[in-house]
Amino acid sequence: MSLADLSSTLWRIREMMDLLLFKLEEEQLVLAAGKTRWLPHATREVEMVLEQIRRTEILRAAQVDAVAAELGLPPAPSLQVLAAATGAPWSDLFQQHRAAFLTITAEITAMAELNRELLTAGARAVHEALMDATGSVTTYGRTGETVAAGRSSRLVNEAM
């Protein structure tokens, strides 16, 4: 296995992670617009990209182990360790891959968290709308049984 093959796989993973960020942003736009009709499609596209990344990660792990063996390193070294063990131009390239992965991972994590918050807010809004329309909604009790959730008083923080 060559360093060029590994670098090529890392580039593919970076491209897929960019696509994942794009798909998460699409999902966020669907959520923010309240277009719940399209939410299953957006979510399916996110899951498809994640599956592609998982498959490519298996290849990357095998390539990293092969390169590590060639360099006399223990299995599954980090990109930082690979960069330290190789000379120019590979050390610079692996450092650039590492920095890009750290950046895109932080962006993906933030976007996923925001989407999660939008989904939670949407579910809460649906729950409250059902309570207003029907007077009660079923929920789960302490032991897991279904019970009617009656209206309850709420505290509102006006400072928010």
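The values are calculated or read from the model by the stated rules, or taken from the named source; none is laboratory data. The shown structure was predicted, so the numbers you read here are calculated from the model rather than taken from an experiment. Virtual Cβ from ideal backbone geometry, glycine too; neighbours counted across all protein chains shown.
Report, by residue number, each residue of segment 73-98 that is farther than 20 Å from Leu59 by Cα and of a type in the set (Ser, Thr, Tyr).
Result: Thr86, Ser91.
So Val67 clears everything in (1) closer than 30 Å to Glu15 by Cα; (2) at pLDDT below 95 except one condition, right? Which one?
Here Val67 clears every test but (2).
Just the residues that are farther than 25 Å from Leu19 by Cβ and either out of contact with any helix residue (DSSP H, G or I) (no Cβ under 9 Å at 6 or more places or on another chain) or part of a helix (DSSP H, G or I) (or both), please, taken from segment 54-79.
Of everything in segment 54-79, those that are farther than 25 Å from Leu19 by Cβ and either out of contact with any helix residue (DSSP H, G or I) (no Cβ under 9 Å at 6 or more places or on another chain) or part of a helix (DSSP H, G or I) (or both) turn out to be Asp65, Ala66, Val67, Ala68, Ala69, Glu70, Leu71.
Would you be able to tell me the number of residues in segment 46-94 that are among the aromatic types (Phe, Trp, Tyr) and either touching a Gly at 6+ places or on another chain (Cβ under 6 Å) or farther than 25 Å from Thr109 by Cβ (or both)?
Of the residues in segment 46-94, 1 are among the aromatic types (Phe, Trp, Tyr) and either touching a Gly at 6+ places or on another chain (Cβ under 6 Å) or farther than 25 Å from Thr109 by Cβ (or both).
When you look at Arg44, is it basic (Lys, Arg) and closer than 13 Å to Leu6 by Cα, yes or no? Write out each step before concluding.
Working: basic (Lys, Arg): yes; closer than 13 Å to Leu6 by Cα: no.
Here the answer is no, as Arg44 does not meet what is asked.
Can you tell me which residue is surrounded by the most Cβ atoms within 10 Å (Cβ to Cβ) among those in segment 1-49 that are out of contact with any Ser or Thr (no Cβ under 8 Å at 6 or more places or on another chain) and among the basic types (Lys, Arg)?
Going through the qualifying residues, I end up with Lys23.
Scanning segment 106-141 for residues that are polar (S, T, N, Q) and not in a helix (DSSP H, G or I), which turns out modelled with the lowest pLDDT?
That would be Ser136.
Only one of these conditions is not met by Gln52: (1) exposed (fewer than 13 other Cβ atoms within 10 Å of the Cβ); (2) in contact (Cβ under 8 Å) with a residue 24 or more places away in the chain. Which number is it?
(1)
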